[in-house]
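The values are calculated or read from the model by the stated rules, or taken from the named source; none is laboratory data. Owing to the predicted nature of the structure, the values given are computational and were not obtained by experimental measurement. Glycine also receives a Cβ, built like all others from the backbone with ideal geometry; neighbour counts cover every protein chain displayed.
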Amino acid sequence: MCVYNIDGIETNIAYNIDGEELSSAYEVDGTEIPFISPLPLDYSNYSTADLYTYVANGFNGFDVHEGVIAQLMANNKLYLFNVDDGSAIATAMAITCSHGDSATFGKDYYTSSDEFPLLYCTADTTPAVIYINRITRNSATLIKTLKFSQVAGYYGAGAFDFKNGLCYIVAYKENSYTSDNGGTNKTLVTVWNLNELNDNGDGTYMPTYISSFECPFIYVMQGLQFFDGYIWISSGYNDGGNQYIYALNPVTHEIDHTILLDDHIEIEGLAWVYDAEQNKYWMLIGQQNGSAGLNYSRIDFATLT
């Protein structure tokens, strides 16, 4: 059974025309069906499990849509995998992403017949650049480029609150992603309005700047996602240090939840996956283990009662 929002797009959360969450939704033929919200998660109570490994090098950020992993790779490549078993759907497709630290599926489709919504790919550049791509199972096409001003900081990656039309660029106040420079370097978060784009005059567009805030330095940030009101940030590098995932609250500017992984393999990205049978979400993470490949793992959270 599928649930569709007011625009006819399949969704796990449905809203009316005023943006209010619905208690019921409709099948594609217009039949009303009960709508059940996903179970709330206890982010302090979690367990991890290995899933599968893909042997290749140069993995970056990724996201998941309807059981398909869209995995960005170095040298502007895109791989597609089945989330259930890790089997490859497509490999080494050309895509404009540069060094794509984060990938996020948006809510809009290029055409109504497309399988995937547009994919937002954040490049590892200063200032931040986001490439918006239309993808299929055998191709990727650049649709629009968002280029931000230096006010966004150094080495920024994007997290997207599409419901409210917001982009969070999470970057560094100073030019280092591995050192807090004695306490002067901070994690810098700038907030941008995705619904108001300004023409940069060079074929790129910049969302309208809204505000910014700082929080304590986070080491080597990658794979950002916005979920359940939090900016989720994977942190860590393949240097023997600890690997963390942080839930940053953009309202209070505090880190409300921290997940510590037991191994020291660099986290390249994370994505949230909906389990329809259990009516809850779980987190998929990818860790680059050198030439051994990318290890995908699952993080399950207990539910709040």
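Per-residue answers, yes or no, for (1) under 18 Å from residue 195 (Cα atoms); (2) among the aliphatic types (A, V, I, L, M):
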{"site": "119", "(1), (2)": "yes, yes"}
{"site": "123", "(1), (2)": "no, yes"}
{"site": "126", "(1), (2)": "no, no"}
{"site": "132", "(1), (2)": "yes, yes"}
{"site": "141", "(1), (2)": "no, no"}
{"site": "148", "(1), (2)": "yes, no"}
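So which pairs qualify, if the first residue must be in the stretch 162-181 and farther than 17 Å from residue 223 by Cα, the second must be among the polar types (S, T, N, Q) and modelled with pLDDT under 95, the Cβ gap must be under 8 Å, and the two must be at least 6 apart or on different chains?
Every condition considered, the pairs that remain are 175/126.
Conditions tested, residue by residue: (1) under 24 Å from residue 147 (Cα atoms); (2) in contact (Cβ under 8 Å) with a residue 24 or more places away in the chain; (3) within 18 Å of the chain's Cα centre (by Cα).
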residue: 203; (1), (2), (3): yes, yes, no
residue: 232; (1), (2), (3): yes, yes, yes
residue: 246; (1), (2), (3): no, yes, yes
residue: 279; (1), (2), (3): no, yes, no
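Which one of these does residue 80 not meet: (1) over 25 Å from residue 155 (Cα atoms); (2) part of a strand (DSSP E or B); (3) at pLDDT below 95; (4) not small (Gly, Ala, Ser)?
If we test residue 80 against (1) over 25 Å from residue 155 (Cα atoms); (2) part of a strand (DSSP E or B); (3) at pLDDT below 95; (4) not small (Gly, Ala, Ser), just (3) comes out false.
Rundown of residues vs (1) part of a loop (DSSP other than H, G, I, E, B); (2) not basic (Lys, Arg), yes/no style:
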{"residue": "51", "(1), (2)": "no, yes"}
{"residue": "60", "(1), (2)": "no, yes"}
{"residue": "85", "(1), (2)": "yes, yes"}
{"residue": "91", "(1), (2)": "no, yes"}
{"residue": "103", "(1), (2)": "no, yes"}
{"residue": "122", "(1), (2)": "no, yes"}
{"residue": "130", "(1), (2)": "no, yes"}
{"residue": "134", "(1), (2)": "no, no"}
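Please count how many residues of the stretch 134-158 are surrounded by 14 or more Cβ atoms within 10 Å (Cβ to Cβ), over 13 Å from residue 121 (Cβ atoms) and among the aliphatic types (A, V, I, L, M).
1
Report, by residue number, each residue of the stretch 225-245 that is among the aromatic types (Phe, Trp, Tyr) and modelled with pLDDT of 95 or more. Working first, answer last.
First, the residues of the stretch 225-245 that are among the aromatic types (Phe, Trp, Tyr): 226-227, 230, 232, 237, 244.
Within the stretch 225-245, 226, 227, 230, 232 meet the criteria.
Would you check if there is a residue in the stretch 50-58 being surrounded by fewer than 20 Cβ atoms within 10 Å (Cβ to Cβ), out of contact with any Pro (no Cβ under 9 Å at 6 or more places or on another chain), without any contact (Cβ under 8 Å) to a residue 60 or more places away in the chain and farther than 22 Å from residue 158 by Cβ?
Within the stretch 50-58 (the criterion being surrounded by fewer than 20 Cβ atoms within 10 Å (Cβ to Cβ), out of contact with any Pro (no Cβ under 9 Å at 6 or more places or on another chain), without any contact (Cβ under 8 Å) to a residue 60 or more places away in the chain and farther than 22 Å from residue 158 by Cβ), the answer is no, since none of the residues qualifies.
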